[in-house]
Structure formats: structure tokens, C-alpha cells
Amino acid sequence: MGRIMAIDYGRKRCGVAVTDVLQICANGQPTVRTCDLLPYILDYCSREPVERIVVGYPRDMHGNDSESMTYIRPFLGRLRKELPDMPVEMHDERFTSTIAHREMIAGGFGRKQRQEKGRADEMAAVIILTSWLESRR
């Protein structure tokens, strides 16, 4: 059994989360600059067994693709080209940023910590992965 990796893809930086090898819980990884994401994924997959990659699917309130998909689609194409045997799927990411900020407040993060964008991106990736795991149970 391999890990599941989740990505909260953004224009400047991306949140990344991975499961433990038993696929029980999601753990955040350091936020990665978008330009460094593909090399990061390739390096991680060379060191750890990864079974699947889940990418946050940005949709609007009506379920339509958000404008973010215009820069996520090319990334997905490059990812599938570099890792042709890796299953890649998208999972709804609506409200993950809002949930991430609420969780940080509940977790006692101070105002400055909450304003660090990388923390919210990392937590959003954890939320995407946790939601994906729960949808499979």
C-alpha cells in the first residue's frame, strides 16, 4: 500500500499533503512554490511509494469549473506525462480555504500565523486529502 498525495494548486504556491502508508490520516508537507511543484512531486515519488495523486478541483457554487482550471489543466498534463502510470484524480476543493482558516483559529494560531499564506495552503491540502479519504470509506 502506498501513500496518497494531495495538492492544493495555486498560481504562486501549492499546498501538499500525504497520507501515512496505511492511508489513515493526512499530514501536511511544506508549501512548495508552483514553479517547483513538479520536481518536488517527482523527487517525493522516487523516495516514497505513492499510489495516487489527488488534486483539488476548484468549482464555483453552481458546480462549474472556476477560472483557476485554466492554469491547473496544463499542470495536470505535465504531471500525467511525467508519471504516466500514476493515477491522478481531482477532488472538490470548494470551501477548503475557509475551512482552513477556521481550523487555524480553532487550533489557536495567532493572527500573524494565520496570515502566512503557506500555512493556509498546507492546511487546505490536508482538508482536500482528508475529504478524499472520507469519501472512500
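Here is a yes/no grid of residues against (1) over 19 Å from Glu122 (Cβ atoms); (2) aromatic (Phe, Trp, Tyr); (3) out of contact with any helix residue (DSSP H, G or I) (no Cβ under 9 Å at 6 or more places or on another chain); (4) in a loop (DSSP other than H, G, I, E, B):
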| position | (1), (2), (3), (4) |
| --- | --- |
| Ile7 | no, no, no, no |
| Asn27 | no, no, no, no |
| Cys35 | no, no, yes, no |
| Leu38 | no, no, no, no |
| Thr70 | yes, no, yes, no |
| His91 | no, no, no, no |
Next on the checklist: Going through Val50, Val16, Val88 one at a time, which residue ends up being under 11 Å from the mean Cα position of the chain (by Cα) and surrounded by 12 or more Cβ atoms within 10 Å (Cβ to Cβ)?
Outcome noted: Val16
Item to check | region 24-47 residues that are under 18 Å from Val88 (Cβ atoms), paired with ones that are open to solvent by 80 Å² or more (accessible area, probe 1.4 Å) and modelled with pLDDT of 95 or more (beta carbon under 7 Å, 6 or more apart) | outcome: Leu38/Arg78; Leu38/Glu82; Leu42/Glu82
Checklist outcome for this item: Residues of region 9-25 being outside any loop (DSSP other than H, G, I, E, B) and under 13 Å from Trp132 (Cβ atoms), in sequence order, are Ala17, Val18, Thr19
Checklist outcome for this item: Conditions (1) among the aliphatic types (A, V, I, L, M); (2) open to solvent by 30 Å² or more (accessible area, probe 1.4 Å); (3) closer than 17 Å to Ile127 by Cα -> Met61 fails only (3)
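The values are calculated or read from the model by the stated rules, or taken from the named source; none is laboratory data. What you see is a predicted model; the values in this text were computed from it and never measured. Cβ atoms come from the backbone with ideal geometry, glycine included; neighbour counts cover every protein chain shown. Surface areas here come from the heavy atoms of the whole protein model, side chains and all, with no ligands, DNA or RNA. Shrake-Rupley method; radii C 1.70, N 1.55, O 1.52, S 1.80 Å.
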